[in-house]
Amino acid sequence: MDAAVIVVGAGPAGLVLAGELRLAGVDVIALERLPERTGESRGLGFTARTMEVFDQRGLLTRFGDVETSNVGHFGGLPVDFGVLEGAHQAAKSVPQSQTEAALEAWVDELGTDLRRGHEVTSIEDDGDGVEVGVRGPDGEYTLRAAYLVGCDGGRSMVRKAGGFDFPGTASTMEMFLADVEGLGLEPRMIGETFANGMVMVGPLPGGVTRLILCERGTPPQKRTSAPSYEEVVVGWKRVTGEDISHGKPIWVSSFGDATRQATEYRRGRILLAGDSAHIHLPAGGQGMNTSIQDAMNLGWKLAAVVRGKAPEALLDTYHDERHPVGQRLLMNTRAQGLLFLSGSEVQPLRDVLGELIQYEDVSRHLAGMVSGLEIHYDVGGGRHPLLGRRMPDLELVGADLKTRATQLLHSGRGLLLDLADNAVLRRRAAGWADRVDVVTAAPHGLAESSQLAGTTAVLVRPDGYVAWAAPGSHDDLPMSLERWFGPSR
């Protein structure tokens, strides 16, 4: 084997996956067909769940001073994300280019073999490994790995060559996205509609303006290169009546409203993550964030399998957990598209939903959906409210310890929190000491209404989700440890 895992694609999903694998000591080759980063930023900012993901790996500081906000929207209708108690606020205006630069620096420090300008031309899963044909700057060559993961975007070569089904609906219209200097336009939120379309104007740092133009009735185009700024100028004039020809474009791109999802995220030794597994209308900034969370879910599981610490069946839980998340992503982005891309015939629906959002339960539901905070995995039976959900970032105090739960996850290992100083419990977990850290501490300042009130122990997976808790889990601790971390040493 040239590497245990080959990751195809060095966007946010591919970089996070490579980093997670390297944290676990797995040899990784990451192949990216582009010779350098484009500098384009389709994604802007992080949802609350992605903020948690980066926090639990100690990466938040790498993005500089991050502006956060509780203001969000669903289909252009304002939603107060402040109703989600105890959650990170969403980060605003972190360009995807900055995200990729920070993540690339991280994986480089971890020793990832990242090869830019190397395009995958063929793949073959022979049951014992995956043969990968590559075309690089010095010619063609072949690599072999135990597993291959496609993180190569919506037009994924890995998905196509791997024979994955990708059902859904094709684009019905073409829309434009552009970052432009020198415009001086007033901000416009998504949802401000015109007779023949919708536009968005968002200020970015450095005097740059983010434009989104959605003109109804524009058929999708098969493009081999990026659209011109003149096309944006003409379409903007038709929709708004405004002349933006004086602006200086930094980059221009187009997108559609195609909605598709792979029927399976794993076929043998080939897996998909991010846009390779699901494409959708960009609504609520969920695409890049869901892709990052795909990679976070897969990374520790794939690492455990290739290192021989867990059975191959653990990889099946990646599809089982993330495919439903992708389904809800496609569902809610289609719903949002109907709200802000349709004409006046949908205005009554907007009005009704606008009224419903004023109810806190509705606002919390929609905010949880868009932020990813509603995600709940099936980790086994039990009545504890945290089972299958994210571990809260609480302050912990022990004999010689004062830390936070997220800091204990920086290593990418499992975590058993002994909250009641139970020596018997610690002895039962000793056989997994090479994969799971055991920390004895007590929560500090815990409210009686907290989901952790009365809890004596919590088993947290490397991705931050609670796999077992006492009291409340049907399985005992060794059963849960073996299920998620493999047999005892």
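The values are calculated or read from the model by the stated rules, or taken from the named source; none is laboratory data. Note that the structure is a prediction, hence the values are computed from the model and not measured. Glycine gets a Cβ as well: all are built from the backbone with ideal geometry, and neighbour counts include every protein chain shown.
Could you pull out the residue among 201, 158 that is of a type in the set (Val, Ile, Thr) and at pLDDT below 95?
Of the residues listed, the single one that is of a type in the set (Val, Ile, Thr) and at pLDDT below 95 is 201.
I'm trying to understand the selection: among the residues of the stretch 237-257, which are farther than 20 Å from residue 171 by Cβ and touching a strand residue (DSSP E or B) at 6+ places or on another chain (Cβ under 8 Å)?
240, 244, 247, 248, 249, 250, 251
Residues 108, 128: which one is assigned to a loop (DSSP other than H, G, I, E, B) and modelled with pLDDT of 95 or more?
128
I'd like to know if the stretch 159-170 contains one or more residues that are closer than 20 Å to residue 327 by Cβ and acidic (Asp, Glu).
Looking through the stretch 159-170, at least one residue is closer than 20 Å to residue 327 by Cβ and acidic (Asp, Glu).
Within the stretch 205-264, count every residue that is part of a loop (DSSP other than H, G, I, E, B) and farther than 30 Å from residue 150 by Cβ.
11
So for the stretch 265-277 (the condition being hydrophobic (A, V, I, L, M, F, W, C), farther than 30 Å from residue 126 by Cα and either buried (at least 20 other Cβ atoms within 10 Å of the Cβ) or not assigned by TED's automatic domain parsing to the domain that holds residue 75 (or both)), does at least one residue qualify?
no
So is residue 364 farther than 19 Å from residue 458 by Cα, in contact (Cβ under 8 Å) with a residue 60 or more places away in the chain, within 21 Å of the chain's Cα centre (by Cα) and surrounded by 15 or more Cβ atoms within 10 Å (Cβ to Cβ) or not?
yes
Can you tell me how many residues in the stretch 395-434 are under 27 Å from residue 49 (Cβ atoms), aliphatic (A, V, I, L, M) and crowded, with 19+ Cβ neighbours inside 10 Å?
8
In the stretch 363-389, which residue that is assigned to a loop (DSSP other than H, G, I, E, B) and small (Gly, Ala, Ser) is nearest to residue 70 (Cα to Cα)?
372
Assess whether residue 103 counts as being in contact with a helix residue (DSSP H, G or I) (Cβ under 9 Å, 6 or more places away or on another chain) and at pLDDT 95 or above.
In short, yes.
Out of the stretch 368-385, which residues are out of contact with any Gly (no Cβ under 6 Å at 6 or more places or on another chain), surrounded by 21 or more Cβ atoms within 10 Å (Cβ to Cβ) and modelled with pLDDT of 90 or more?
Hit for the stretch 368-385 is 375, nothing else.
What tally of residues in the stretch 13-40 results from selecting those that are at pLDDT below 95 and crowded, with 24+ Cβ neighbours inside 10 Å?
0
Say we look at the stretch 141-160 and pick out the residues that are of a type outside the set (Gly, Ala, Ser) and not in a strand (DSSP E or B); which of these is surrounded by the most Cβ atoms within 10 Å (Cβ to Cβ)?
151
Go through the stretch 173-187 and give me each residue that's within 26 Å of the chain's Cα centre (by Cα) and not in a loop (DSSP other than H, G, I, E, B).
Once the filter is applied, which keeps residues that are within 26 Å of the chain's Cα centre (by Cα) and not in a loop (DSSP other than H, G, I, E, B), the stretch 173-187 yields 174, 175, 176, 177, 178, 179.
Quick check on the stretch 295-317. Is at least one of its residues over 26 Å from residue 126 (Cβ atoms) and not in a helix (DSSP H, G or I)?
Checked the stretch 295-317: no residue is over 26 Å from residue 126 (Cβ atoms) and not in a helix (DSSP H, G or I).
Looking at the stretch 21-58 only, could you name the residues that are of a type in the set (D, E, K, R), more than 11 Å from residue 292 (Cα to Cα), assigned to a helix (DSSP H, G or I) and within 15 Å of the chain's Cα centre (by Cα)?
52, 55, listed by residue number.
Can you go through 242, 230 and tell me which one is surrounded by fewer than 21 Cβ atoms within 10 Å (Cβ to Cβ) and without any contact (Cβ under 8 Å) to a residue 40 or more places away in the chain?
Among 242, 230, only 230 is surrounded by fewer than 21 Cβ atoms within 10 Å (Cβ to Cβ) and without any contact (Cβ under 8 Å) to a residue 40 or more places away in the chain.
Which numbered condition trips up residue 196, out of (1) of a type outside the set (Gly, Ala, Ser); (2) touching a Phe, Trp or Tyr at 6+ places or on another chain (Cβ under 8 Å); (3) farther than 19 Å from residue 245 by Cβ?
In the conditions (1) of a type outside the set (Gly, Ala, Ser); (2) touching a Phe, Trp or Tyr at 6+ places or on another chain (Cβ under 8 Å); (3) farther than 19 Å from residue 245 by Cβ, residue 196 misses (2) alone.
Quick check, is residue 190 surrounded by 18 or more Cβ atoms within 10 Å (Cβ to Cβ), within 30 Å of residue 18 (Cβ to Cβ), within 26 Å of the chain's Cα centre (by Cα) and not aromatic (Phe, Trp, Tyr)?
No: the conditions fail for residue 190.
Go through the stretch 312-360 and report how many residues are closer than 28 Å to residue 271 by Cβ and of a type in the set (D, E, K, R).
Matching residues across the stretch 312-360 total 7.
Picking from 276, 254, which residue would you name as being in contact with a helix residue (DSSP H, G or I) (Cβ under 9 Å, 6 or more places away or on another chain), touching a residue at least 40 places away in the same chain (Cβ under 8 Å), among the small types (Gly, Ala, Ser) and within 30 Å of residue 312 (Cβ to Cβ)?
After applying the criteria, what remains is 276.
Could you look through the stretch 59-80, keep only residues that are in a strand (DSSP E or B) and of a type in the set (Ser, Thr, Tyr), and pick out the one that is nearest to residue 94 (Cα to Cα)?
Result: 68.
Output the residue which, of all residues in the stretch 472-481 that are modelled with pLDDT of 95 or more and either touching a strand residue (DSSP E or B) at 6+ places or on another chain (Cβ under 9 Å) or not assigned by TED's automatic domain parsing to the domain that holds residue 423 (or both), is surrounded by the most Cβ atoms within 10 Å (Cβ to Cβ).
Ranking the candidates gives 481 first.
Scan the stretch 263-286 for residues that are small (Gly, Ala, Ser), at pLDDT 95 or above and under 24 Å from residue 174 (Cβ atoms) and jot them down.
Answer for the stretch 263-286, where residues must be small (Gly, Ala, Ser), at pLDDT 95 or above and under 24 Å from residue 174 (Cβ atoms): 274, 276, 277.
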